[in-house]
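The values are calculated or read from the model by the stated rules, or taken from the named source; none is laboratory data. This is a predicted model, so every value here is computed, not measured. Here Cβ is always computed from backbone atoms with ideal geometry, including for glycine, and neighbour counts include all displayed protein chains. Just so you know, the surface numbers come from the protein's heavy atoms only, side chains and all, with ligands and any DNA or RNA stripped out. Shrake-Rupley method; radii C 1.70, N 1.55, O 1.52, S 1.80 Å.
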Amino acid sequence: MPEQEAGDRVNPAEGEQSAATEETDSKAAATDQQEKVVAEEAEVAQATVEEPRNGADTDANDGDEESLDALRETVAALEHEIAGTKDQVLRARAEEDNTRRRAARDAENARKFALEKFAGELLPVIDNFERALEAAAEDSAVREGLDLSMKLLFGVLEKSGIKVVDPIGEPFDPTYHEAIATVDNPDAEPGSVTEVVQKGYVLNDRLLRAAMVLVAKRDAQKG
């Protein structure tokens, strides 16, 4: 009997070990359950985070489109402004070129015709020299001196751009000639200058004084 009781008696160490094993298993199961819960909560949180993120992406795309539209409008406005500015610059340059050309032309004319007033006042003096030359006796010292002086004077005038208009025998030109009368002259071409009463003068092709002339009459049948 004592031996049987001893066999049926439970070892205290084994009982403690079994209880510890059960407690460990219980803790492990609880830990597994807790991990599952945490995992499920993490999945829910991730989904919750991703939904706003997707919405934020949509909002960001909408914002980008609005920014692009605003940028396009700004670029279009700047291009319009640049085109207007370019047109103004081209107009300003054209006006500047025109002003420069006018100034150059005015300066050239001022240079060419600076002697116009002086030359006009000198013409009566030349006329008197020519009358004196015509009145002087042939082969006289006075005539020789006047002739030499006239040659020198006309040389100076020509260097200054002053030329004589002496159109004897030429067709009448109202631009440079002034007809004081028409005459019958069968030896002259109708409408041509038969006599120069007073010589004319030009300064660099600008008329100083028209030549006063007589013009041959035109044939009445020829008009």
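Side notes on the structure shown:
- Matching residues in region 69-95 - criterion: being basic (Lys, Arg) and under 9 Å from the mean Cα position of the chain (by Cα): LYS86, ARG91, ARG93
- Among the criteria (1) more than 30 Å from ARG218 (Cα to Cα); (2) open to solvent by less than 60 Å² (accessible area, probe 1.4 Å); (3) without any contact (Cβ under 8 Å) to a residue 40 or more places away in the chain, the one GLY200 does not fulfil is (1).
- For region 151-165, a residue qualifies if it is closer than 18 Å to ARG206 by Cβ, of a type in the set (D, E, K, R) and in a helix (DSSP H, G or I), and the qualifying residues are GLU158, LYS159.
- Checking each residue in region 93-114 for being open to solvent by 70 Å² or more (accessible area, probe 1.4 Å) and touching a residue at least 12 places away in the same chain (Cβ under 8 Å) picks out only LYS112.
- Some residue of region 134-147 being of a type outside the set (Asp, Glu), assigned to a helix (DSSP H, G or I), free of Cβ contacts under 8 Å to residues at least 24 places away in the same chain and closer than 15 Å to LEU208 by Cα: no
- Restricting ASP187, ASP139 to those that are modelled with pLDDT under 90 and touching a Ser or Thr at 6+ places or on another chain (Cβ under 9 Å) reduces the list to ASP187.
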